[in-house]
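Accompanying notes for the structure given below.
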Amino acid sequence: RAKTDGRGVFRFFEKEMDARMQERRRMELDLREAPKRDQFELAYQPLLGLDSNRITGFEALLRWRHPERGLIPPAQFVPLAEETGLIVPIGEWVLREACREAASWPGEIDVAVNLSAVQFRSPDLLAMVQGACAAAGLPPQRLELEITESVLLADTAGTLGVLHALRALGIRVSLDDFGTGYSSLSYLRSFPFDKIKIDRSFIADMNSNPDAASIVRAILGLGRSLGIRTTVEGIETAAQLEYVREEGCDQVQGYLIGQPKPASSVAGLLREARIAA
Ligand code: C2E
Ligand code: MG
Ligand code: MG
Ligand code: MG
């Protein structure tokens, strides 16, 4: 009995693995076809400057409108896109689309685009970014690229070179999800970042865990003393906004300010914000 049970369990796992591999294959095939079928879209989430109390820009966030599965958030397909290398063409589409859209906004409104570590290592990155700005007629000064610490882990000399080259073009670079990865403080000294984005997990934990609030305060202080601007993400309540404002945060992002919305709603949001200001 025990013996057959063992085999049974093994078969079960085999089947389970098989099903998962098939599911992955299917997702990969769908992902490959998605650009040709116009299934990607961008949502834009406002960034609020705390000096001016005005919207200073929007972050472009990728969505996949799958014919059967509906709207899929990036956490559910970006990792697969990275493993398969598909993130390179997908990321190029994101950048071109975001630049094109942003070129129609008022000149003082910036656009932030997320860049995967895989894209960052692509030898065509600089030409691609420059090409996207040029094609859209967007001044590079209005483009911000968000990278995570995973970019910094490998190949330090190459990474530094690319970061400097991007900045020489006038493009700003933000360190996204700060505090979640291998967060080494030496990164902040070694690499030229314009902005640190403090991960929303710290904000979410602030009410229940006083240490999270201390960490937010410490990172804001660090940014100030290093002359790096700070954004706090995931602001959902007025109390969280008050806290980070008092601690000297430069910019906030979160559902309290605005959810990610389709491009068509950007103009209306800017108009409302002007009236409210
Ligand atoms: P991220 O760059 O840190 O983007 C912020 C994420 O937090 C977004 O999730 C946004 O919808 C969510 N968020 C913003 N404010 C709040 C809030 O107040 N509360 C809560 N609970 N969530 C909030 P989203 O759009 O699902 O994106 C997740 C991640 O996927 C992004 O995190 C980014 O790392 C990645 N991603 C998104 N678009 C792209 C892209 O075009 N390329 C690449 N490589 N990655 C992307
Ligand atoms: Mg981001
Ligand atoms: Mg972020
Ligand atoms: Mg994040």
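The values are calculated or read from the model by the stated rules, or taken from the named source; none is laboratory data. On a predicted model such as this, the values are computed, not experimentally measured, just so you know. Neighbour counts are summed over all protein chains in view; Cβ atoms, including those assigned to glycine, are modelled from backbone coordinates with ideal geometry. Calculation scope for accessible area: heavy atoms of the full protein, side chains included, ligands and nucleic acids excluded. Shrake-Rupley method; radii C 1.70, N 1.55, O 1.52, S 1.80 Å.
One table, with the values for the structure above:
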read-out: Cα gyration tensor category, rounded, prolate or oblate, for the chain with a/c compared to 1.5; value: prolate
read-out: Longest DSSP-loop-exposure-free segment, GluC sites (Glu not before Pro), the chain, at most 12 other Cβ within 10 Å; value: 109-277
read-out: Potential extension, Glu108-Met128 segment - 0.36 nm per residue separation minus Cα distance; value: 4.9 nm
read-out: Förster-model FRET efficiency, 35 Å R0, Ser184 and Glu16, C-beta, rounded to 0.05; value: 0.35
read-out: Dipole magnitude (debye, nearest 20) for the stretch 12-105, charges at Cβ of Lys, Arg, Asp, Glu; value: 200
read-out: Charge dipole magnitude, Cβ of K and R +1, D and E -1 - the chain, Cα centre, debye nearest 20; value: 500
read-out: Given 13 as the ceiling on other Cβ atoms within 10 Å, longest exposed-site-free region of the chain for chymotrypsin sites (Phe, Trp or Tyr not before Pro) in DSSP loops; value: 1-181
read-out: Accessible area of the chain belonging to carbon and sulfur atoms, whole % at 1.4 Å probe; value: 53
read-out: Percent RCO, i.e. relative contact order, over the stretch 1-93, from Cα pairs under 8 Å lying at least 6 residues apart; value: 19
read-out: Choice from Asp177, Asp250, Asp38 showing the highest fluctuation, given a GNM over the chain with Cα pairs closer than 10 Å; value: Asp38
read-out: Within a Gaussian network of the chain (alpha carbon springs, distance under 10 Å), most fluctuating of Leu188, Leu29, Leu169; value: Leu29
read-out: Contact order relative to length of the chain, as percent, for alpha carbon pairs under 8 angstrom and 6 or more apart; value: 18
read-out: The chain: most fluctuating residue of Ser190, Ser174, Ser116 per GNM, C-alpha cutoff 10 Å; value: Ser190
read-out: Probe 1.4 Å, accessible area per residue of the stretch 66-211, Å²; value: 45
read-out: Over the stretch 26-177, relative contact order from alpha-carbon pairs under 8 Å, at least 6 apart, %; value: 18
read-out: Extension gain from Ser264 to His164, taking 0.36 nm per residue of separation minus the Cα-Cα distance; value: 32.6 nm
